[in-house]
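Quick note: the coordinates plus some simple rules give every number you see, no bench work behind them. Source: prediction; values computed, not measured. With ideal geometry, Cβ positions are generated from the backbone for all residues, glycine too; neighbour counts draw on all protein chains shown.
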Amino acid sequence: MATHLALTDVNLRFGGVTVLTDVTFEAEPGKILGLVGPNGAGKTSLFNCISGHYRPTSGSIRFDDDEIAGSPPSQLNRRGLARTFQHPALQLNHTVLENVMLGGHTRLPGGPLAWSLRIPPTGRRERETRDEALALLEEQGLGWAANSRADELSHGLHKSVELCRARMSRPSLLLLDEPAAGLSQGEVDQLIRTVRRLAAENDMTIIVVEHNMTLIAELTDRVIVLDHGSKLMEGTAAEAQADPRVIEAYLGTEAADDAA
């Protein structure tokens, strides 16, 4: 199911500190939106508002026709929202396969008791979930690591495992927080192919936070630039890279003057 996301005047404050100010934008099905800006711009905080980890101080976040601002992450996951994190949150003492399977837990029938007793419908669904997780790992080039403990893999591979886990929930809205950090160039190229295919084949709405502007330029349809918690501009990655305001936000006033 295609998902349209719309943010209107989203504000976030912690005590006297303003983190986000009147952030407004829309993300469309089948499109990849980049969320960029210098360190401290508020990108991850905005992700946390969308995914239910933070409750906005004010403003609206609409998931299709429903208001979701302040909804808990578990509820949003069941509605079709999945995300990865800047620092992957894996169960390091479990296998890679078990970590990926966790992404499909909302689709298992019954509750904890049924899962522990493994009654027939639950056992059958668990086997299906295992097969699906293995297929995703193979597709991501990680089939060889399925039975390895997560703590035996590099940080870059943790990113790939977390992407597989997010895909296990079959999301219609996918938030990727610095998915290329720690990846080799070959892994980055594979990431680009995977994310493009997800958007095109599944009509998925995808938002990517990333510092790598080369990747953003290759991957996204358009970008939102944040600076000090406010939207600085919206356009293509090429337009953002040529905008003196963006250059100043990243590099300072002198660099902006040189680029003008």
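When the Cα positions of 191, 86, 163 are compared along the charge dipole of the chain, 163 comes out farthest toward the positive end, with charges on each C-beta of Lys, Arg, Asp and Glu. Across the range 228-244, rounded Karplus estimates of 3J(HN,Hα) from the backbone phi angles (6.51 cos²θ - 1.76 cosθ + 1.60, θ = phi - 60°) give 6, x, 10, 6, 8, 6, 9, x, 7, 4, 5, 5, 5, 5, 9, 7, x Hz, Gly and Pro being marked x.
Per-residue Cβ neighbour counts within 10 Å put 45, 160, 184, 71 in the sequence 184, 71, 45, 160, beginning with the fewest.
The string of couplings for the range 92-103 from the Karplus curve (6.51, -1.76, 1.60, θ = phi - 60°) is 5, 8, 10, 6, 4, 4, 4, 4, 5, 4, 4, x Hz, one whole number per residue in order, with x for Gly and Pro. Here residue 214 and residue 124 are evaluated by their C-beta separation; at R0 = 41 Å the FRET efficiency comes out at 0.35. Between 0 and 90 degrees, the angle of helix 155-167 with respect to the longest Cα principal axis of the chain falls at about 70 degrees. The helix-based estimate of mean residue ellipticity at 222 nm for the chain, built from -39,500 (n - 2.57) per DSSP H run of four or more residues and divided by its residue count, is -12000 deg cm²/dmol to the nearest 500.
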